[in-house]
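For reference, the structure discussed in these notes is given below.
Bear in mind that the values in this text are calculations on the coordinates, not laboratory data. Since the structure is predicted, the reported quantities are computational estimates derived from the model, not experimental observations. Cβ sites come from the backbone with ideal geometry, for glycine too, and all protein chains shown count toward neighbours.
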Amino acid sequence: MDPVIFTSEAEQTLTEILASLSFSRLVVLTDSNTQTHCLPKISQALPEDTVFISVPAGEINKNLQTCSLIWEKMTEAALDRKALMLNIGGGVVTDMGGFCASIYKRGIRFINMPTTLLSQVDASVGGKLGIDFQGLKNHLGVFNEPETVLIAQEFLGTLPQAELRSGYAEILKHGLIRDKAYFLELKSESWESQDWEKLIYHSVAIKNAVVTADPKEAGLRKILNFGHTIGHAFESYFLDTEGHLLHGEAIALGMICEGFLSFQKVGFSFEELDLLSKTLFQIYGKVDFSPEELDPILDLCLQDKKNEGSTVLFSLLNSIGDCTYNIPVTREEIREAILYYHNLKTA
Ligand SMILES: NC(=O)c1ccc[n+]([C@@H]2O[C@H](COP(=O)([O-])OP(=O)(O)OC[C@H]3O[C@@H](n4cnc5c(N)ncnc54)[C@H](O)[C@@H]3O)[C@@H](O)[C@H]2O)c1
Ligand SMILES: [Zn+2]
């Protein structure tokens with residue numbers, strides 16, 4: 001079976017997929033929002049004895065406690081190794097559901113049905129599964145492939161605008177790291193009026209090409225991390241706070257900072273840096289933080305590397321559409337990059 005299937009009729013396609021697989025029982029994982037908005041759209045495709053598990057929505061719940069709850073429900077339902085799990089939701093549900101499926105009884109098969117733009121173009125493709133742990137993003141996880149990823153644009157209809165905009169950051173990233181013409185085309189339209197179907201297809205093709213060439217991130221796949229080292233640090237830093245950032249918002253900030261590092265370290269031109277910064281800034285605005293918050297954020301960038309002289313390896317842009325990886329960057333250089341962002345003018 002093709003690992004990624006695009007459909008404009010989710011319920012019908014899911015019915016066909018389930019009919020083609022043999023399994024003892026189906027378990028469906030949703031979160032509180034996808035249970036309300038997405039499950040009804042495919043419920044006719046589900047067998048009568050389906051086991052339903054719903055967890056509270058949000059990154060804050062992508063943790064071991066929620067996994068425990070999922071495994072408890074699976075155990076209560078006496079699911080065996082031939083059970084099949086269907087994860088319906090954004091990246092939190094597909095990452096955590098895939099992780100739970102991979103661990104339960106040493107692994108049962110699973111299908112991902114991504115329902116946010118971000119998970120359709122990014123999270124549900126590429127086999128990375130996991131949860132957050134002790135405030136660290138995706139700290140526990142495995143590589144494992146779903147049986148299939150079923151992508152249906154119809155789910156996006158109920159997605160809040162902010163979530164749509166968050167997913168758009170990964171689409172912009174795909175252009176920045178791999179396809180300059182794509183980036184320029186995206187830039188020429190206002191983000192709200194994009195043709196999502198076309199973009200989802202193209203972005204998945206870019207991500208798929210990269211992860212197929214390097215499934216375990218030995219080299220090339222690292223380019224997908226552009227914007228993510230600094231972005232994740234901000235995302236983690238604001239995780240438990242009022243002003244918490246959506247993944248794409250954090251990554252947009254991260255791409256501006258790492259664009260600056262690209263300029264400093266690998267010859268990314270100032271014109272392209274300016275274009276990148278202005279484009280992202282216009283869409284995502286400015287994240288406010290005070291200079292006192294810099295050190296804890298830098299600690300998160302460097303994670304366990306406490307030594308003064310230690311470096312972090314970054315994926316940086318040679319030019320728009322061409323990304324390189326394994327570039328060592330020091331704490332001071334990261335500080336400078338974050339200050340570049342901090343000093344950008346809002347107008
Ligand atoms: N595995 C990977 O390669 C990979 C790549 C990128 C991101 N991620 C992970 O993905 C997560 C972010 O994903 P996300 O942005 O999809 O977050 P999410 O799963 O939290 O979804 C965002 C919000 O939208 C709601 N929602 C989902 N679908 C909806 C719909 N159709 N209608 C209305 N509401 C809906 C959710 O309940 C949630 O409140 C992060 O945890 C990140 O680490 C993983
Ligand atoms: Zn991402």
Eligible lysines near Lys105 by straight Cα distance, threshold 18 Å, same-chain separation 8 or greater: Lys73, Lys82
Radius 11 Å from Cβ of Lys345, net charge of other residues (Lys, Arg +1; Asp, Glu -1): +2
Residues Arg335, Arg165 arranged by fewest to most Cβ contacts within 10 Å: Arg335, Arg165
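Counting helices only, and only those DSSP H runs with n ≥ 4, report the 222 nm mean residue ellipticity of the chain as the sum of -39,500 (n - 2.57) divided by its residues, in deg cm²/dmol to the nearest 500. Numbers along the way, then the final one.
Numbers: 13 runs with 157 residues, N = 347.
The per-residue figure over the chain is -14000 deg cm²/dmol.
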Size of electric dipole in the stretch 227-347: Cβ of Lys, Arg +1 and of Asp, Glu -1, about Cα centre, debye, nearest 20: 240 debye
Simple label model, 7 Å out from Cα along Cβ direction - Val142 to Asp240, nm: 2.9 nm
Distance-filtered residues of the stretch 129-160 - backbone nitrogen under 12 Å, label point 7 angstrom along Trp196 Cα→Cβ: 152-160
Per-residue Cβ neighbour rank within 10 angstrom, fewest leading, Ser269, Ser277, Ser190: Ser190, Ser269, Ser277
Listed residues Ser166, Ser32, Ser193, most fluctuating in the chain (Gaussian network, C-alpha, under 10 Å): Ser193
Loop-resident sites, the stretch 1-105, for GluC sites (Glu not before Pro), counting at most 13 other Cβ within 10 Å (DSSP): Glu9, Glu48
Three-way shape call for the stretch 1-110 based on the alpha-carbon gyration tensor, with the a/c threshold at 1.5: oblate
Using alpha-carbon coordinates, inclination of helix 161-178 to the longest axis of the chain, degrees: 60 degrees
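Rounded, prolate or oblate: which one fits the chain, using the alpha carbon gyration tensor with axes a ≥ b ≥ c (rounded when a/c is under 1.5, else prolate when a/b beats b/c, else oblate)?
Since a/c reaches 1.5 and a/b is larger than b/c, the shape of the chain is classed as prolate.
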